[in-house]
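Here is the structure we will look at.
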Amino acid sequence: MKVAIVHDYLSQMGGAERVVVALHGLFPTAPIYTSIFDPASTWPELRTADIRPTWMQRLPGMPTHFKKYLLVYPSAIEGLPLDGYDLVLSSSSAYAKAARSRAGALHVCYCHNPMRFIWDYDRYVYGERVGAAARALLPLARSYLRRWDLRTAGRPHAYIANSSAVAERIRRYYGRSSEVIPPPVRLGPEPAGDQPGDYYLVVSRLSGYKRLDLAIEAFNRLGLPLIVVGDGPVRAELERQASPHIRFLGRRPDHEVAALYAGCRGLVVPGEEDFGITQVEANAAGRPVIAYAGGGALDIVVEGTTGVLVPAQTVDAIADGVRRAEATRWDARVIRRHAERFGEESFRDRLVAFLEGLLGRSLPPAGP
């Protein structure tokens, strides 16, 4: 059986690219087709894989300005040479689900989310620095891409959603059912104990739609220490908003982030995440999560056991969620056991079982 993997673009290190790493582990000889590839900006496990970018790789400004070519991706993905493959696995948060497979082949799409730009436009551009010209052109691009997205939604024979919230969006926008299989999360070592440090933690890209402004203002009022890990377009604005007991560390290496998880009193997530890998990573370290009750948090956070669900995206609601977390006695071992449901082994087992059910036979074992 010949297998091909398709991904939107390999130019960043995020949760979607972690899924590609896991697919590569299952099918190590399968080529990975993508619009563009920047080896320096993706996970090390993919740098030696058989990556096959499209002609978009040669466009001016790639890969730095890859988001500006949003109207070019459809033709690049639709032109991928996939006629020789029996199984096509697309990893898609925008374009890859539109890849064309040959007649008789099976196309399965792992959907991280239907294209945010066209289906959740107001939240996606919230707080982003978009110029006047771009704001005038974006609605036209959005209209075209929405028609294209709907026209190509039938190409996958089956969808996998990364959370129950995404499964509902696939049903709402595409009229398709999907299997929920959470993405693979690297869990790290067992928590050392139940004695956290004195600070709360945010680990996030600093973009407007993440609503970190709410967390900053909540901690301004609470007077509790907060450490913010991550970078992005609204960092300077957030730093101006923050009181002295709130520290911004920028992007940090994985081992430092793991130590921060282990030492925090809890992770704060004020935005709505499609899944929420950082929430599982905090739980894996035995620490609770204070998250807005929407998106993937509804699959991850068990109220009063692994964290606190905040009912509204307001400063008062987040501050109240932190107070509830302070008043709760957390069991690090129970929280860790819950996080193990989202580990890499669980992802592989569930994905293989789903694919074998579709194929009606066992998958060949992965190569060395």
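The table that follows gives values for the structure above.
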quantity: Options 75, 91, 11; residue that is closer than 15 Å to residue 155 by Cβ, in contact (Cβ under 8 Å) with a residue 24 or more places away in the chain and not aromatic (Phe, Trp, Tyr); calculated: 91
quantity: Answer residue from segment 50-91, given it is in a helix (DSSP H, G or I) and basic (Lys, Arg) and is farthest from the chain's Cα centre (by Cα) among those; calculated: 58
quantity: Of all residues making up segment 312-363, the number that are of a type in the set (Phe, Trp, Tyr) and touching a Lys or Arg at 6+ places or on another chain (Cβ under 8 Å); calculated: 1
quantity: Among (1) over 21 Å from the mean Cα position of the chain (by Cα); (2) among the small types (Gly, Ala, Ser); (3) surrounded by fewer than 24 Cβ atoms within 10 Å (Cβ to Cβ) - the single one residue 321 does not satisfy; calculated: (3)
quantity: Candidates 268, 280, filtered to the one that is touching a strand residue (DSSP E or B) at 6+ places or on another chain (Cβ under 7 Å), at negative phi, assigned to a strand (DSSP E or B) and modelled with pLDDT of 95 or more; calculated: 268
quantity: Matching option when the condition is loosely packed, with under 14 Cβ neighbours inside 10 Å, modelled with pLDDT of 95 or more and not hydrophobic (A, V, I, L, M, F, W, C), among 365, 311; calculated: 311
quantity: Candidates 319, 332, 327, 259 - the one that is touching an Asp or Glu at 6+ places or on another chain (Cβ under 7 Å), farther than 26 Å from residue 167 by Cβ and assigned by TED's automatic domain parsing to the domain that holds residue 220; calculated: 332
quantity: Among (1) within 23 Å of residue 318 (Cβ to Cβ); (2) in contact with a Gly (Cβ under 6 Å, 6 or more places away or on another chain); (3) not in a helix (DSSP H, G or I) - the single one residue 183 does not satisfy; calculated: (1)
quantity: Test: residue in segment 265-279 that is small (Gly, Ala, Ser), touching a residue at least 12 places away in the same chain (Cβ under 8 Å) and either surrounded by fewer than 20 Cβ atoms within 10 Å (Cβ to Cβ) or assigned by TED's automatic domain parsing to the domain that holds residue 29 (or both); calculated: no
quantity: Residues of segment 50-90 satisfying the condition of being over 18 Å from residue 115 (Cβ atoms) and acidic (Asp, Glu); calculated: 50, 83, 86
quantity: Filter result (over 21 Å from residue 276 (Cβ atoms) and not charged (D, E, K, R)) within segment 210-232; calculated: 220, 222, 223, 224, 225
quantity: Segment 92-114, subset over 21 Å from the mean Cα position of the chain (by Cα) and assigned to a loop (DSSP other than H, G, I, E, B), residue surrounded by the most Cβ atoms within 10 Å (Cβ to Cβ); calculated: 101
quantity: Residues being part of a loop (DSSP other than H, G, I, E, B) and either among the aromatic types (Phe, Trp, Tyr) or buried (at least 22 other Cβ atoms within 10 Å of the Cβ) (or both) - total across segment 205-232; calculated: 1
quantity: Every residue from segment 242-265 that is within 11 Å of residue 287 (Cβ to Cβ) and either within 22 Å of the chain's Cα centre (by Cα) or assigned to a loop (DSSP other than H, G, I, E, B) (or both); calculated: 260, 261, 262, 264, 265
quantity: Among residues of segment 204-219, those that are under 20 Å from residue 287 (Cα atoms) and either in contact with a Phe, Trp or Tyr (Cβ under 8 Å, 6 or more places away or on another chain) or not assigned by TED's automatic domain parsing to the domain that holds residue 243 (or both), counted; calculated: 1
quantity: Every pair of residues 6+ apart whose Cβ atoms lie under 6 Å, when the first sits in segment 315-326 and is at negative phi and free of Cβ contacts under 8 Å to residues at least 60 places away in the same chain while the second is part of a helix (DSSP H, G or I) and not aromatic (Phe, Trp, Tyr); calculated: none
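The values are calculated or read from the model by the stated rules, or taken from the named source; none is laboratory data. These numbers were taken from a predicted model, which means no experiment stands behind them. Note that we place each Cβ from the backbone using ideal geometry, even for glycine, and neighbour counts take in every protein chain shown.
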